[in-house]
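Step one of this worksheet: look at the structure below.
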Amino acid sequence: MSLLNNPFDPARETALVTGAGNGIGRAIAQALVGEGVRTVFADVNGETVTQAVASSPRPELAVTWIGDLAKRDACDALLADARAAVGTVTHFVHSASPARREADHAFAVSGDTWQQMHAVNLDAGFYLARELARPLIAAREPGSFLFLTSLHAGTPRNLPHYSTAKAAMTMLVRELAKTLGRFGIRVNALVPGAIAAGGFVADPALARHIPLGRLGHSEDLAPMALAVLSNRVSAYVTGAAFVVDGGLSLTNWFEPPELGDL
């Protein structure tokens, strides 16, 4: 039997994916139901998440949830609704992130935009992971959590609200991995490069900086995500960050932002 056959146990394992309405979150959520895992597709946009479920390989295994994770009551509702729909969540993927605008440099980003970026990426990610861990610990069941961070956790992006949120998530992964490892809960990060999906509007000219010669696609992330999430494939992996960028991180292509008249 191949080592990679049956990476999940659909009889016992379930999943929750935030940001499942588009981009990388959508690709991962669809891949999970394709493996037979009952999965909650959570997103702020009802239309896109409904389309994501409908176009999944096994839509009967998908549950749609709509809400704004910048709000704590929405996070609580998601936890309750997920448990009612699929039982104890064993696999958590946090891909939700507000859209980015290139104009929001250090002198332009508003307080509300700053707060929302951190609330969805960092605050919701921490709160959901902690609360999802509690029932797993109580039941003495293993789990696997995956956070979508960014190359810009370590490289300036001219978008300080985004880069600082992703940098904080990178350390959050390590903190949670260290704390939850004793309970058999693994926590890792997937680090995308230039992926033409979700909140990133790709400039085709960026491909010249990428050793593999092309922009990435959401589907390029899904196989790695499944491998890292699988307790059979990656049983001894936690606190790690897996870069999927076509080699883009081998160079730094961003110039300082145009500030205009201050």
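All of the numbers you see were taken from the coordinates with simple rules; none came from a lab. This structure is a prediction, so every number in the text was calculated from the model and none was measured. With ideal geometry, Cβ positions are generated from the backbone for all residues, glycine too; neighbour counts draw on all protein chains shown.
What to note about this one:
- Here Arg130 and Ala77 are evaluated by their C-beta separation; at R0 = 25 Å the FRET efficiency comes out at 0.95.
- Candidates Ala189, Gly36, Ile24 compared by Cα position along the dipole of the range 14-250: farthest toward the positive end lies Ala189, with charges placed on Cβ.
- Residues listed by number, the range 80-111, amide nitrogen under 13 Å from Leu259 label point at 7 Å toward C-beta: 105-108
- The residue list Gly154, Ala106, Ala85 was ranked by how far each Cα lies along the charge dipole of the range 14-250 toward its positive end, using unit charges on Cβ atoms, and Gly154 comes out on top.
- Ranked list, fewest to most other Cβ atoms within 10 Å of each Cβ, for Asp104, Asp203, Asp76, Asp261: Asp261, Asp203, Asp76, Asp104
- Remark: the range 1-46 projects, on average over all directions, an area of 3.5 nm² (convex hull of Cα atoms).
- Magnitude of the charge dipole, the chain, Cβ model with Lys/Arg +1 and Asp/Glu -1, debye to 20: 900
- Each residue of the range 58-71 is assigned a 3J(HN,Hα), and the resulting list reads 9, x, 5, 9, 9, 10, 8, 9, 10, x, 9, 6, 5, 9 Hz, derived from the Karplus form 6.51 cos²θ - 1.76 cosθ + 1.60 (θ = phi - 60°), x at Gly and Pro.
- Cβ-based exposure ranking for Phe107, Phe242, in which fewest neighbours within 10 Å come first: Phe107, Phe242
- The distance between label points at Phe183 and Arg232 comes to 2.5 nm (points 7 Å beyond Cα on the Cα→Cβ vector).
- Extension reserve of the Met171-Gln115 stretch, reckoned as 0.36 nm per residue once the Cα distance is removed: 18.3 nm
- The chain, helix-only ellipticity at 222 nm - DSSP H runs n ≥ 4, -39,500 (n - 2.57), divided by all residues, nearest 500: -11500 deg cm²/dmol
- The Rg/Rh ratio for the range 14-250, using Cα coordinates for both the radius of gyration and the Kirkwood hydrodynamic radius, is 0.94.
- Residues with amide H under 5 Å from that of Val63, placed H, sequence gap 5 or more: Thr39, Val40, Phe41
- Check: the range 54-128 dipole with +1 on Lys, Arg Cβ and -1 on Asp, Glu Cβ, in debye: 160
- Full extension of the chain between Ser2 and Arg140 gives 46.8 nm of extra length, using 0.36 nm per residue less the Cα-Cα distance.
- Exposure proxy order (Cβ contacts within 10 Å, fewest to most) of Asp123, Asp73: Asp73, Asp123
- Residue with peak Gaussian network fluctuation, the chain [Cα springs, cutoff 10 Å], from Arg58, Arg182, Arg214: Arg182
- Inter-part distance where the range 33-102 and the range 137-167 are each reduced to a Cα centre, Å: 18
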